[in-house]
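So the structure is just underneath, and the comments pick up after that.
The values are calculated or read from the model by the stated rules, or taken from the named source; none is laboratory data. Quick caveat, the model's predicted, so the values are computed rather than measured. With ideal geometry, Cβ positions are generated from the backbone for all residues, glycine too; neighbour counts draw on all protein chains shown.
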Amino acid sequence: MKITSKKLLLWLHSISPQERRRVPISHLDLILSELTPEGRQSLVRYLENNRLLFADELDGPIKLSLSSHGLTQLEADFPALRRLNHPWEGDWLLIIFTESPSTDNNFRYLRSVLLQEHCLSLKRGVYLHAGELSQRLENLLHANYRSSVVIVKTSSWEFGDPQIVIGQNEVLKDVIDVYSGIGKELETLLTNFSTIKRLSDRQKKEIGSIYDRIVQNFQQDNGIIPYFYQNASTGIELLERLKLEVNSKLNPSQED
């Protein structure tokens, strides 16, 4: 799914499974400023035709909401969202490269897919994946790497400290560091919100920029940050705060 589609659907997501978030279509001006008005309308039609969102005019201006299919797609693209309703139970899949296949002698393609699927690299040829594999990765392994990869499932550590092995992993630390920087910038922006009633054009651009960076980093987030760093900011927390504050500053006819 393209990044513009991910951005739109993620803005519609609600952390409460009992509450459907209905968002005025005018919000797209903030989060998809890189598209023309026609481009945004085309994207909405495309996602609606694919049953990933709903559009309604029940109480005036068009409002958008996420469908169950859209939620499934989001959880596949952003594993941290899946952790909300399906908490991680601490099980790991240890993925070990063995014999190089003739179609991918250096495992370059498989390595790139593993990183896209939020696997953590321990060393060359050894990866960890939190929880079950995605259907995409499972299909790929069965099709091309059945004699080249060994996967072992474990939920316990006989030796070694996961807080060091996992908590100090460079990929995880990079994700946390980026969230920390975004959180500070968001805090500064929201502090200025307290004295205004409406968003200026400059503030709208800042909101769009912050949202872009949250989404980009959120794609690298496998949802295990709270298990190793309880006080660290998460993408879900930053997203929800940004959505709440944006809603509070839009005029009543634009609020959820």
Over the range 105-163, the set of residues among the charged types (D, E, K, R) and surrounded by 15 or more Cβ atoms within 10 Å (Cβ to Cβ) is Arg111, Glu117
Those strands (runs of 3 or more DSSP E) completely within the range 54-125 that have 2 or more residues that are at pLDDT 95 or above are 63-66, 92-97
Check your understanding: Does Glu34 satisfy the criteria of being modelled with pLDDT under 95, outside the structural domain of Ser134 (by TED's automatic domain parsing) and within 21 Å of Arg136 (Cα to Cα)?
Key -> no
The condition from (1) at pLDDT below 90; (2) within 22 Å of the chain's Cα centre (by Cα); (3) closer than 30 Å to Thr98 by Cβ that Gly160 misses is numbered (2)
From the option list Arg20, Arg51, single residue qualifying as within 21 Å of the chain's Cα centre (by Cα) and on the phi > 0 side of the Ramachandran plot is Arg51
Would you confirm whether or not the range 206-227 contains a residue that is touching a helix residue (DSSP H, G or I) at 6+ places or on another chain (Cβ under 8 Å), at positive phi, buried (at least 17 other Cβ atoms within 10 Å of the Cβ) and not acidic (Asp, Glu)?
yes
